[in-house]
Amino acid sequence: MPTFPPGLEAVQDPGGRDALRLHGPGGTILVALLGAQVLSCRTSVGELLFTGSTAEHAKGKPVRGGIPLVFPWFGDHPTDPKLPAHGFARTQAWRVAETGAGPSVVLETTDDASTRALWPHAYRLRLSISVATQPTLRWEIENRGDAPFRCEEALHTYFAVGDVHTATVHGLQGVPHTETAKEPEGPWDVRAPLRFRAETDRVFHGTPDTIELHAPALRRTVTLASRNARSAIVWTPWPTKAARLSGLGPDDWQRFCCIETANCKQDALQLAPGQRHVLELVLRAAAN
C-alpha cells in the first residue's frame, strides 16, 4: 500500500477483514477492501448507514448493509438465474490505487479470468472516496476491451431511519417508475413524497440530481446529491421478505430503507471501447 496521508489508516472491519478508515471534516468512513463496500459513514448527526443485526463480515461475501456496489447487472442476471444477483463487483478484491489529502482514497479493481467467465468483457472500476467536505463517492467504469458493452450500476445504499413507518423520500414525485415488490401497497398518490406502508421495490427512471430522505425518528434529513445517475431504486423488504434475507434480525426491517443511486434497466450504460462513465454521490446530513 502507498504511504497514507493524515486521516487515512489501514484497519480491520468487524470480521477482521482488511479495511480503511477515513476521518476528515466531512465525517468518518469505514470501507472494506472486499467489494470496496462502505460499511460505515458517520457525520455530525451520527451514523448514516444501516447494517443488519445478524450481518456477517465473512471472507468473500458482501455485508447486509452499508453501500454494496452493483455491477455489471442489476438484480437477477437477465438470462441465467444461477449467476450472482447484482453482479460480482461487491465480491471482488479491490486495491488501493491512489491516496490524497482530505483525506481521500481511490480503490480499483479490474477484470480477470473469474469475472470473464461470468461476463466476457475487459473493464476497470475505480471508486474514489473523500471526506474532505461531505462524504463523497465517485465511481468510474472504464471499458478496456475492443468491443462495446452494456452494463448496469448502483450504489445500493442502506440508510438508517430509526422507524421506517415515519420516514419519507422527497424528490421523486411524478417521476416515472415501476413497482417490482411481490407484496406492494395498494394505489398511492404519486404527487406526494414516498412513504413506506408495505414492501417497496420501486425503480425510478429519469431521476433528479437531488433526493431527500427525511428520518424524523432520528431527527435528521439526508440529501443525496448525484451526478450522472438517471435511475433510483427505493427498497424496503417489510417483515415477510425480510425473514428470508440473510443478515437481518426479526425487527431490522423497521430501521432502514435503501435509496440506490443507479443507472439500470432502460437507463443502463452503453460504453464504447476506451469510454469511461463517472457516477458521483454526495451525502449531506442535517439535524432537524
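The values are calculated or read from the model by the stated rules, or taken from the named source; none is laboratory data. All values derive from a computational prediction rather than experimental measurement. Neighbour counts are summed over all protein chains in view; Cβ atoms, including those assigned to glycine, are modelled from backbone coordinates with ideal geometry.
General observations
- The single residue among THR110, THR91 that is among the polar types (S, T, N, Q) and within 22 Å of LEU245 (Cβ to Cβ) turns out to be THR91.
- Scanning the range 99-109 for residues that are under 11 Å from ILE129 (Cβ atoms) and either buried (at least 16 other Cβ atoms within 10 Å of the Cβ) or touching a strand residue (DSSP E or B) at 6+ places or on another chain (Cβ under 6 Å) (or both) turns up THR99, GLY102, PRO103, SER104, VAL105, VAL106, LEU107.
- Number of positions in the range 84-97 that are out of contact with any Phe, Trp or Tyr (no Cβ under 8 Å at 6 or more places or on another chain) and more than 15 Å from VAL31 (Cα to Cα): 2
- Among the residues of the range 182-203, those identified as aliphatic (A, V, I, L, M), part of a loop (DSSP other than H, G, I, E, B) and either within 19 Å of the chain's Cα centre (by Cα) or farther than 16 Å from THR236 by Cα (or both) are VAL190, ALA192.
- For the residues THR157, THR133, the requirement of being within 20 Å of the chain's Cα centre (by Cα), β-branched (Val, Ile, Thr) and surrounded by fewer than 16 Cβ atoms within 10 Å (Cβ to Cβ) singles out THR133.
- With respect to the stated conditions, ALA93 fails to be at pLDDT below 95 and either closer than 22 Å to VAL161 by Cα or surrounded by fewer than 23 Cβ atoms within 10 Å (Cβ to Cβ) (or both).
- Subset of the range 163-181 (residues that are assigned to a loop (DSSP other than H, G, I, E, B), within 11 Å of HIS214 (Cβ to Cβ) and of a type outside the set (S, T, N, Q)): ALA167, GLY171
- Residue pairs meeting the criteria (Cβ under 8 Å; at least 6 apart or on separate chains; first free of Cβ contacts under 8 Å to residues at least 40 places away in the same chain, in the range 104-126; second among the polar types (S, T, N, Q)): VAL106/THR99; VAL106/SER128; THR115/GLN92; ALA122/THR110; ALA122/ASN143; ARG124/THR109; ARG124/THR110
- Flag if ALA217 is surrounded by fewer than 17 Cβ atoms within 10 Å (Cβ to Cβ), in contact with a helix residue (DSSP H, G or I) (Cβ under 8 Å, 6 or more places away or on another chain) and among the aliphatic types (A, V, I, L, M): no
- Hits in the range 151-177 (condition: touching a helix residue (DSSP H, G or I) at 6+ places or on another chain (Cβ under 8 Å) and polar (S, T, N, Q)): THR166
- Count - residues of the range 204-259 that are part of a strand (DSSP E or B) and among the basic types (Lys, Arg): 2
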